[in-house]
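Engineer: So that we are looking at the same thing, I have put the structure below in structure tokens.
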Amino acid sequence: MKKLRLITEILAIIIVCLVAFVGVYAQKYNKMENQVKGYDLSKDLNGYRELVFKVSDATEVTNSEGTLVGSTDDYDDTTIETNSYQKTENKVNTDEELTEENFEKAKKVIEDRLKSFNVEDYNISLNHENGLIYLQIPENTDTDHTISNVLQVAEFKIRDSEDASNVFITNDDIKRASAVYNTTTSGTTVYLQIEFNEKGKETLKQLSTGEYATKEDSGDSSTENTTNETTNTTTEENANETENENDVEAEAEVSSENATTEENTENSSETEQTEANESSEESTETDATEESEEDNQKQIILSIDNSDMITTSFDDPIEDGILQLSMGSASTDTDSVSDSLESTATISAVINSGKMPLAYTVTENRYVNTDISNEIIKNVIIGAIIVIAVAILVLIIKHKGRGIIASIAYIGFIALYSLIVRYTNVSITLESIVAAIIVLGINYIIVYKLLKINESDESLKKISYDTEFKTVILRLLPIFIIGIIFAFIAWNKIATFGMFLFWGILLSIIYNFVVTKDMLK
């Protein structure tokens, strides 16, 4: 049983090593992609994007009906002319809005959005005189996505579909937005769920139960009216036919058969024409009634930054203050659902961060290469591998079979440690690499002490593992506390050092107590 358990533990470590060092690959877009999360390199190691945001001096743009559709930042002259839009003299940022308070609010909103997009390693500063914002963020696959969304004004409105000035709900009425989904037999549908505060909740309830509620279906009434009209028409037709027959009999007494035949033909034609006219009039009246009912149905428009997302009325009263908007049709394609969730999560993050008090534009966007080349990083990695290999070789030479088992456990620790720092979104900095080296050294010492317990004399073997681990915990406690303190410091270089130290010490104690100790017994 001990051998079987040892083999099982070794196989588990091999699997973890394969996942961490090789990856798990699956086909996506006709190519194989690694599904294991990659490392988040800081801007010191991977380069960074340097941006300058300027307060926009654009003017508003309206359509042919005078409805605001955007600004001159959104449309060039060619697009404005093609769509018959009109430039106005109204600035998107009025002179009264260009205050230091609004500059500070805009900076705060940008910072909140960066955190929502999981951008931790950034530098941001503000020119309090002209509102210029300077930003540095790491260069990675999400950088362009971050830049394209971080400056959205995110002005949320629920308004009347016919009167744009009649606005019922704004950003101030929103409590929280989130991306949710629902899976049925037809597929998965992604929703933008918006939860409103007390004021917004009451307004939404009034809208959904008042004149913006969908009117009851009048189909039954229409059918009943149509039936009555048809019955009346049929009765009239029968009466006309009876009268025509009596007229024909009267004429037959004083006229010849040919005259009677001609008169019947004329009467029949007149009757058919009368019926056709009556039917046409009835159909016209019914269509007019239906169109009138549709025209009277009031609707609301939900928009973000003058982009209409949905125009609708309320089928059911909304009393819980939660509105769900479908972001596309149901799909069974995993990639499609994932993309919809990502875009919806972006919209919710932008809404939750609040409306930008001012409209900004990007005036500078350039990539700054790091001073540390890929060659230097490669040499550091190779050097670390050599040191670890030598340390493992020492264990094997000195402790033979038990040294091999301890080495396997040590490699498993490295693999698991690398996965944890990736999935806890800790960025790799020069400082965090130093912390990782410290952790690997501490873990090596713990493994070495466990080996000595197993191969010492009888008196030393009586020392329990629990006692040994209590000693280890007491000695590592100061370093562990330092890691926690550093992790909460705003400076990213110190924070990543603390996070690497915190996760490393915690994992080292748990892993060696549960795995390494059991394998060496």
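Engineer: From the phi angles alone, apply the Karplus equation (6.51, -1.76, 1.60; θ = phi - 60°) to the range 359-365 and give each ³J(HN,Hα) in whole Hz, x where the residue is Gly or Pro.
Structural biologist: Rounded to whole hertz, the list is 8, 10, 10, 8, 9, 9, 8.
Engineer: Now for a separate question. Would you list which lysines come within 25 Å of Lys2, measuring only between C-alpha atoms, while excluding same-chain residues fewer than 8 positions from it?
Structural biologist: Output for Lys2: Lys398, Lys400, Lys449, Lys452, Lys461, Lys462, Lys517, Lys521.
Engineer: Just want the answer: with Cβ charges of +1 for Lys and Arg and -1 for Asp and Glu, which residue in Val362, Ile397, Val421 is farthest toward the dipole's positive end in the range 324-424?
Structural biologist: Towards the positive end, the residue furthest out is Ile397.
Engineer: Could you tell me the center-to-center distance, by alpha carbons, between the range 47-126 and the range 401-446 in angstrom?
Structural biologist: Comparing the Cα centres of the range 47-126 and the range 401-446, I get a distance of 46 Å.
Engineer: Then there's this: Please give the net charge around Ile169, taking every other residue with its beta carbon less than 11 angstrom from that of Ile169, where Lys and Arg add +1 and Asp and Glu add -1.
Structural biologist: +1
Engineer: Considering only the other residues whose Cβ falls under 12 Å of the Cβ of Thr361, what net charge follows from Lys and Arg at +1 and Asp and Glu at -1?
Structural biologist: Residues near Thr361 contribute -3 overall.
Engineer: Oh, and also: Cα-Cα over 28 Å: which of Lys105/Lys157; Lys43/Lys108; Lys43/Lys378; Lys43/Lys470; Lys37/Lys107?
Structural biologist: Where the Cα-Cα span goes over 28 Å, the pairs concerned are Lys43/Lys470; Lys37/Lys107.
Engineer: What are the extents of the Cα atoms of the range 373-520 along their three principal axes, in Å, largest first?
Structural biologist: The Cα atoms of the range 373-520 stretch 51, 33, 20 Å along their principal axes.
Engineer: Amide H to amide H, which residues 5 or more places from Thr188 or on other chains are under 5 Å from it, using H placed in the peptide plane?
Structural biologist: Close amide H contacts, sequence-distant or interchain: Ser331, Thr332.
Engineer: What are the ³J(HN,Hα) values, in whole Hz, obtained from phi via the Karplus relation 6.51 cos²θ - 1.76 cosθ + 1.60 with θ = phi - 60°, for each residue of the range 160-166 in sequence order, with x given for Gly and Pro?
Structural biologist: So the J values, rounded to whole Hz, are 5, 6, 9, 10, 5, 7, 8.
Engineer: Using 7 Å Cα-to-Cβ label points, what is the Phe480/Thr214 separation (nm, one decimal)?
Structural biologist: Here the answer is 5.9 nm between the modelled labels.
Engineer: Please list 117-123, 327-333 highest first by mean number of surrounding beta-carbon atoms within 10 Å per residue.
Structural biologist: So the order, starting with the most tightly packed, is 117-123, 327-333.
Engineer: Another question about this same structure. In what sequence, highest mean first, do 486-492, 381-387, 1-7 appear when ranked by Cβ atoms within 10 angstrom?
Structural biologist: Result, highest mean first: 486-492, 381-387, 1-7.
Engineer: Step through the residues of the range 90-103 one at a time and calculate ³J(HN,Hα) from phi using the Karplus curve (6.51 cos²θ - 1.76 cosθ + 1.60, θ = phi - 60°), rounding each to whole Hz and writing x for Gly and Pro.
Structural biologist: 7, 7, 5, 10, 6, 4, 5, 7, 7, 10, 4, 4, 5, 4
Engineer: Sorted by average packing, counted as other Cβ atoms within 10 angstrom per residue and highest first, what order do 64-73, 42-51 take?
Structural biologist: 42-51, 64-73
Each reported figure results from applying straightforward, stated rules to the coordinates on display, with no laboratory input. Keep in mind that this is a model prediction, so the values were computed, not measured. Note that we place each Cβ from the backbone using ideal geometry, even for glycine, and neighbour counts take in every protein chain shown.
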